[in-house]
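Okay, so here's the structure we're looking at.
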Amino acid sequence: MWATRGALQAWAVGWARPSGSRAYGGGQAVAYTQGQSPEPRTREYFYYVDHQGQLFLDDSKMKNFITCFKDPQFLVFFFSRLRPNRSGRYETSFPFLSPCGRERNFLRCEDRPVVFTHLLAAGPEPPRLSYCGGGEALSVPFEPARLLPLAANGRLYHPAPERAGGVGLVRSALAFELSTCFEYAPGAPELPSHVRWQGCRFALTMDLAPLLLAAGPR
């Protein structure tokens with residue numbers, strides 16, 4: 001899918017409507033009630049992040065731009081506290097947790113808990129990738145050589161904060177823009193080997209592949 005310009009359009013359209021994708025936590029039915037209190041003075045809430053980086057209450061029947069959380073302050077608060085779920089509760093179905101005092105906010109995701117949505121490249125500062133609607137407050141340095149195009153699902157990945165799994169998904173619209181910077185080795189059109197960025201040519205390291213594949217199939 002990465003090989004030709006014409007194929008990229010189909011790749012982007014297919015990416016916007018993924019088929020057969022499963023939740024990070026396995027997608028199985030889990031019994032819970034939003035706001036439940038399993039212990040005194042403890043509340044539990046359950047969330048879901050899709051492949052566009054939109055955050056929802058997990059049990060929302062309609063998941064779209066209208067129903068997702070949009071308040072930047074809340075999104076920064078939620079994702080800046082995200083870490084692996086080692087609470088002993090819902091660890092398989094909701095692999096990530098955003099704690100707030102005695103409140104537990106469990107998270108599962110369609111692909112990765114971090115989804116990069118915007119490239120912040122204006123001004124003299126080095127470019128950064130922003131994720132999950134948090135603007136500059138939720139961002140990491142852009143490392144073009146470490147972009148990982150994955151042939152198995154046609155998606156693009158980039159390093160993410162270690163506490164959030166170390167690898168983030170690049171949203172389809174942004175991935176389509178970045179794909180124009182890729183170069184392919186002769187006779188190997190399936191995946192790019194290099195990326196051109198700001199006048200420099202970088203070999204793709206592919207060092208994220210073991211970490212991503214260790215997280216399980218998508």
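The values are calculated or read from the model by the stated rules, or taken from the named source; none is laboratory data. Worth saying up front: this structure is predicted, and the values here are computed from it rather than measured. Positions of Cβ are backbone-derived with ideal geometry, glycine not excepted, and every protein chain shown enters the neighbour counts.
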Legend entry - Failed condition for Asn64, given (1) at pLDDT 95 or above; (2) surrounded by fewer than 19 Cβ atoms within 10 Å (Cβ to Cβ); (3) polar (S, T, N, Q): (1)
Legend entry - Of all residues making up segment 168-206, the number that are within 21 Å of Leu119 (Cβ to Cβ) and either outside the structural domain of Asn153 (by TED's automatic domain parsing) or not hydrophobic (A, V, I, L, M, F, W, C) (or both): 14
Legend entry - Test result for Leu129, closer than 28 Å to Leu148 by Cα, outside the structural domain of Gly165 (by TED's automatic domain parsing) and touching a Leu at 6+ places or on another chain (Cβ under 9 Å): no
Inset, instruction - Please give the number of the condition Pro127 fails out of (1) farther than 23 Å from Arg43 by Cβ; (2) surrounded by fewer than 23 Cβ atoms within 10 Å (Cβ to Cβ); (3) under 18 Å from the mean Cα position of the chain (by Cα). - result: (3)
Inset, instruction - May I ask you to list the residues in segment 28-55 that are hydrophobic (A, V, I, L, M, F, W, C) and out of contact with any Ser or Thr (no Cβ under 6 Å at 6 or more places or on another chain)? - result: Ala29, Ala31, Phe46, Val49, Leu55
Inset, instruction - Determine if segment 103-119 includes at least one residue that is modelled with pLDDT under 95 and in a loop (DSSP other than H, G, I, E, B). - result: no
